[in-house]
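J.: Have a look at this one before I ask anything.
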Amino acid sequence: MAVFCGVAALMGHLKPVYLDFKGGKGVATAAGVIFALNWIAGLIVLGVWLLVFLPFRYVSLASIAAAITLPVAQYFTGARFWGDLVLPVHASCIVAAFLVVMRHRENIQRLRNGEEKKISFSKGRSA
């Protein structure tokens, strides 16, 4: 039931009915769901996000890297939390990672073209 609720929350944020099925990219929702299901995998994914974001300053690139890391982190740490019921959690992490990466298709294209905007930490300067 927890996995179903997590996937439902993610789908509701990706394609909300009340916004004509136009939603966000699902990164924050997926992060919340994974922290609820497996906090160790959540910390690993957060660490990957920071390791990619801090040197490169692309939120989209960090989000994609974190999404790809999610099923791997869940695979290696999930049995500790879910025991014999780990398969649905693994499957939901694969689905969540796929959905997040697919929602970043335009960002991937901008990254490939060198047009993606960076986050600047300098006061008064844009990247």
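J.: Could you run the Karplus curve 6.51 cos²θ - 1.76 cosθ + 1.60 with θ = phi - 60° over the range 93-106 and give me ³J(HN,Hα) per residue in whole Hz, x for Gly and Pro?
T.: 5, 5, 5, 4, 4, 4, 5, 5, 5, 4, 6, 9, 3, 5
J.: Going by alpha carbons, how many degrees (0 to 90, nearest 10) lie between the helix axis of 59-82 and the longest principal axis of the chain?
T.: Approximately 20 degrees, to the nearest ten.
J.: Could you compute the longest span of the chain free of trypsin sites (Lys or Arg not before Pro) located in DSSP loops and having at most 16 other Cβ atoms within 10 Å, not counting the site residues? Walk me through the intermediate numbers first.
T.: Values: sites that count: K22, R57, K117, K118, K123, R125.
It works out to 58-116.
J.: Whole-Hz Karplus ³J(HN,Hα) for the range 118-123, in order, using 6.51 cos²θ - 1.76 cosθ + 1.60 and θ = phi - 60°, x for Gly and Pro?
T.: 9, 8, 9, 8, 7, 6
J.: What is the Cα centroid distance between the range 75-111 and the range 1-63, reported in whole angstrom?
T.: Here the two parts' Cα centres lie 9 Å apart.
J.: Please state the shape class of the range 1-123: rounded when a/c is under 1.5, otherwise prolate if a/b exceeds b/c and oblate if not, all from the C-alpha gyration tensor.
T.: Verdict is oblate for the range 1-123.
J.: Nearest 10 degrees, 0 to 90: what angle lies between the long axis of helix 27-37 and the longest principal axis of the chain (Cα atoms)?
T.: Result, in degrees: 30.
J.: Let me ask something else. Please find, in a Gaussian network model of the chain (springs between Cα atoms separated by less than 10 Å), the residue of A79, A31, A66 whose mean-square fluctuation is greatest.
T.: Top of the fluctuation ranking is A79.
J.: At 1.4 Å probe size, with the rest of the protein present, what percent of the exposed accessible area of the chain is carbon and sulfur atoms?
T.: Taking all protein chains in place, the chain shows 68 percent carbon and sulfur surface.
J.: Rolling a 1.4 angstrom probe over the protein heavy atoms, how many square angstrom per residue are accessible across the chain?
T.: Details: 8110 Å² over 127 residues.
For the chain, the per-residue accessible area is 64 Å².
The values are calculated or read from the model by the stated rules, or taken from the named source; none is laboratory data. This structure is a prediction, so every number in the text was calculated from the model and none was measured. Neighbour counts run over all protein chains shown; Cβ positions are idealised from the backbone, glycine included. What goes into the accessible areas is simple: the full protein's heavy atoms, side chains included, and nothing from ligands, DNA or RNA. Shrake-Rupley method; radii C 1.70, N 1.55, O 1.52, S 1.80 Å.
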